[in-house]
Amino acid sequence: MRPILIEPTENPKVLKFVADYTLLPGSVELDRDSDISEIPLAQELFKYPFVERIFITANFIAVAKQDGVEWEHVAESLKNILQETLHENPRIYRQKMADSHQIFSEMTPNPMVMKFVSSNRLIDGFVEVKSLEDSGDVPLAAALFAKFGFVKEVFISENFVAITKNVSVEWHEVMIEVRDFIANYLQEGGKISNIAAQKHEKPAENIINREYTETEQKISDILDEYVAPAVAGDGGKISLIEYDETSKTARMLLQGACSGCPSSTATLKGGIENLLKQFVPELIDHVEAVNG
């Protein structure tokens with residue numbers, strides 16, 4: 001059984017449980033309202049009433065607890081549960097596709113958008129399809145529009161497919177079917193796109209070279225520990241440019257696959273802003289993106 005290490009964080013309510021391998025591509029944030037039907041690890045953790053939220057990325061699980069419970073009384077129990085659950089299902093999600101293509105569904109801060117992340121690179125760059133009428137040159141998007149009437153937009157980039165749905169269904173009703181359809185399509189050698197993928201914008205050539213303030217360094221350290229591994233896994237990079245103390249606004253530079261990517265902007269506003277508010281609530285009210 002592979003070991004799990006316990007690491008404290010700056011937030012006394014949050015504890016990290018670190019594995020010695022990558023748990024999943026990208027990241028996922030879960031609370032008690034999330035669909036965890038395909039995530040045994042979350043099912044086990046939420047059996048503990050004091051577990052409030054779970055954040056999984058790269059090689060660790062961060063668990064946020066409620067007040068009134070001390071980590072010294074429960075940390076070892078959670079570690080043992082995680083070790084046993086990961087021993088049975090090392091890749092977080094219950095169902096894994098055979099052979100070369102594994103597809104992981106990943107929630108986004110936008111409730112209308114779901115990401116379906118592949119274990120393999122899909123395209124070098126990105127293609128965006130806004131409607132069925134525009135999908136003729138992108139067979140994967142055309143197949144999704146034809147199969148699922150609720151699909152509004154399809155965005156394919158690097159190693160994921162982001163689908164925007166309409167209001168006729170909820171993701172928990174269709175997520176598994178869509179994931180299996182994409183996996184089978186790729187497994188059978190289906191064509192992704194007949195047109196050249198657009199290239200993500202080049203990283204900014206000049207960034208102000210200066211020392212961070214103490215506050216900026218604290219924010220940057222949180223980004224490096226909790227956000228950068230997941231962003232790097234999607235072919236991108238995120239850096240703190242500056243922090244405005246008056247408005248409590250952190251401005252982030254998005255580079256590589258993140259630059260100009262709608263999914264990244266949603267993640268920045270929903271996921272990263274919420275994460276920073278959890279760890280340094282006294283410092284952060286807003287985050288803003290600058291595409292590099």
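Rule-based calculations on the coordinates, nothing more; no lab input. Just so we're clear, the structure is a prediction, and the values are computed from it rather than from any experiment. All Cβ positions, even for glycine, are placed from backbone atoms using ideal geometry, and neighbour counts span all protein chains on display.
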Once phi for every residue in segment 240-250 is put through the Karplus expression 6.51 cos²θ - 1.76 cosθ + 1.60 (θ = phi - 60°), the whole-Hz ³J(HN,Hα) values, with Gly and Pro written as x, are 7, 8, 7, 10, 9, 5, 5, 9, 6, 10, 9
The answer for ILE241, listing residues at least 5 apart or on another chain whose modeled amide H is closer than 5 Å to its amide H, is ARG251, MET252, LEU253
Distance cut-off 24 Å, Cα to Cα: go down the list LYS13/LYS79; LYS115/LYS191; LYS47/LYS277; LYS16/LYS47; LYS147/LYS199; LYS79/LYS277 and report the pairs above it.
LYS47/LYS277; LYS147/LYS199; LYS79/LYS277
Virtual spin-label span in nm between ASP124 and ILE192, 7 Å along Cα→Cβ
1.1 nm
Based only on other Cβ atoms within 10 Å, what is the fewest-to-most ordering of LYS79, LYS191?
LYS191, LYS79
Treat every Asp and Glu Cβ in segment 5-88 as -1 and every Lys and Arg Cβ as +1, leave all other atoms uncharged, and give the resulting dipole magnitude about the Cα centre to the nearest 20 debye.
60 debye
Derived scalar couplings ³J(HN,Hα) [segment 11-21; Karplus, 6.51 cos²θ - 1.76 cosθ + 1.60; whole Hz; x for Gly, Pro]
8, x, 7, 10, 10, 9, 10, 9, 9, 9, 7
What ³J(HN,Hα) values, in whole Hz, does the Karplus curve 6.51 cos²θ - 1.76 cosθ + 1.60 give for segment 39-44 when θ = phi - 60°, with x put for Gly and Pro?
10, x, 4, 5, 4, 5
Residues whose built amide H sits under 5 Å from the amide H of GLU153, excluding neighbours closer than 5 in sequence, are THR164
Tell me the GluC sites (Glu not before Pro) within segment 1-91 that lie in a loop according to DSSP and have at most 11 other beta-carbon atoms within 10 Å.
GLU10, GLU70
ARG32, ARG251 arranged by Cβ crowding within 10 Å, fewest neighbours leading:
ARG32, ARG251
What's the ranking of 167-178, 219-230 by average number of surrounding C-beta atoms within 10 Å, highest first?
219-230, 167-178
Environment charge of ARG53, counting only residues whose C-beta is closer than 14 Å and scoring Lys/Arg +1, Asp/Glu -1
0
Lys and Arg at +1, Asp and Glu at -1: neighbours of VAL129 with Cβ under 12 Å from its Cβ sum to -3
Summed residue charge, Cβ within 9 Å of ARG32's Cβ, Lys/Arg positive, Asp/Glu negative:
-2
Skipping prolines and chain starts, which residues have an amide H placed within reach, meaning under 5 Å, of the one on PHE160, given they are 5 or more residues away or on another chain?
SER118, LEU122
